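A short write-up of the structure that comes next.
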Amino acid sequence: MTDATLERARAGDEEAFRALTDPHRRELQVHCYRILGSVQDAEDLVQETLLAAWRGLAEFEGRASLRAWLYRIATNRCLNALRDSGRRPQDVIGSNPPAGAPEPTRWGEPIWLQPYPDSLLEGLPDRAEGPDARYETKEAVGLAFVSGLQRMPPQQRAVLVLRDVLGYRAAEVAAMLDSTEAAVNSALQRARAGIETAPERPEGGALPDSPAQRALLSDFAEAFERGDVDALVALMTEDAWIRMPPQPHEYRGRAAIAEFLRTRAPIRGGGVRLVPTRANGQPAFAYYLDDPNAGVAHADGVFVLTLRGEEISAITRFGDTGVLPYFGLPRTLPG
């Protein structure tokens, strides 16, 4: 950033403003996603952040970097959104399993969460510039980490991300949040404890990097499309999980997962098609259900897989098809 570019932006030069802010846009979206758990909300909040920055650029005094100033705006916009919305998990508390499904292994805490396309992570550095960062970029967007964040109070989420993901110092975070260093350190301690005790622990979430793991994903897709439950569970660890946020019912272990899958119509009757993609730094599939009458297959959601070695340790199913455009995927496939 040059002083001349900043002055032109302050004078109303939109091109100069974009030159200042475009380098930070993608990382701001990931930041908002971590706090909100929604790729759609994150995009909206980045737009609000940039609009607020455009209107308030005259107030930027340069005491902190422009990047830190943008993060301050984005973080506080996210916190306001969480306070104002009441959050969508409240809508599903007490929800029952699908009709005909067995009793869940566990009733988890409802959280609102969407998958995040890996294409939006391209070009980001592997680790934040801050000296205190504890997590690599893709680790800090993995489902285990983001799920853990969604179970925290908003202030703890923000503090953990700003300190341990972005590496800002306690004094800097206190200034961003209009708080004190003591309050920031206390929130960070509680947030770290929350991540350590979260139901989903970070493990093996990375994309497959061996021929055996790539074969595992191919076998998963083929078994799912032909409705072979026995073949599916044979690909899983003994303690594998199926989760379906924001729904609270979860199934653990091959026997429980097999019993659940056999009650699902797509598995029983076939007619499901999987399209590989990537989400949260993990392998994923969009799935489509055939509609013989219309001659097309309609999107029904996204599976994100967690791998442990050469087995699947978790399947997280998202039924929100509104995220598909972010993955560059259609709502329907030709029959």
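The values are calculated or read from the model by the stated rules, or taken from the named source; none is laboratory data. Here the structure is a predicted model, which means the values were calculated and not measured. We place every Cβ from the backbone using ideal geometry, glycine too, and count neighbours over all the protein chains shown.
Could you tell me which of the residues Ala234, Ala265 is farther than 30 Å from Leu70 by Cα, in the same structural domain as Gly301 (by TED's automatic domain parsing) and modelled with pLDDT under 95?
Numbers: Ala234 fails: modelled with pLDDT under 95.
Going through Ala234, Ala265 in turn, the sole match is Ala265.
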Quick check: anything in the stretch 268-275 at pLDDT below 95, in a helix (DSSP H, G or I) and closer than 23 Å to Pro98 by Cα? yes
So, of the residues in the stretch 271-323 that are out of contact with any helix residue (DSSP H, G or I) (no Cβ under 8 Å at 6 or more places or on another chain) and hydroxyl-bearing (Ser, Thr, Tyr), which turns out to be surrounded by the fewest Cβ atoms within 10 Å (Cβ to Cβ)? Thr321
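Quick one: is Gln156 crowded, with 21+ Cβ neighbours inside 10 Å and assigned by TED's automatic domain parsing to the domain that holds Asn80? Don't jump to the end; show me each part of the working.
On the way: crowded, with 21+ Cβ neighbours inside 10 Å: yes; assigned by TED's automatic domain parsing to the domain that holds Asn80: yes.
The answer is yes for Gln156.
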Residues of the stretch 109-126 being under 28 Å from Pro245 (Cα atoms) and out of contact with any strand residue (DSSP E or B) (no Cβ under 7 Å at 6 or more places or on another chain), in sequence order, are Glu109, Pro110, Ile111, Trp112, Leu113, Ser119, Leu120, Leu121, Glu122, Leu124, Asp126
Members of the stretch 99-136 that are within 26 Å of Val275 (Cα to Cα), crowded, with 16+ Cβ neighbours inside 10 Å and within 18 Å of the chain's Cα centre (by Cα): Ile111, Trp112, Leu113, Gln114, Pro115, Tyr116, Pro117, Asp118, Leu120, Leu121
Given the condition in a helix (DSSP H, G or I), surrounded by fewer than 20 Cβ atoms within 10 Å (Cβ to Cβ) and of a type in the set (A, V, I, L, M), answer yes or no: does some residue in the stretch 23-46 qualify? no
Quick one: count up the residues across the stretch 110-137 that are assigned to a loop (DSSP other than H, G, I, E, B), in contact with a helix residue (DSSP H, G or I) (Cβ under 8 Å, 6 or more places away or on another chain) and either of a type in the set (Val, Ile, Thr) or modelled with pLDDT of 80 or more (or both). 13
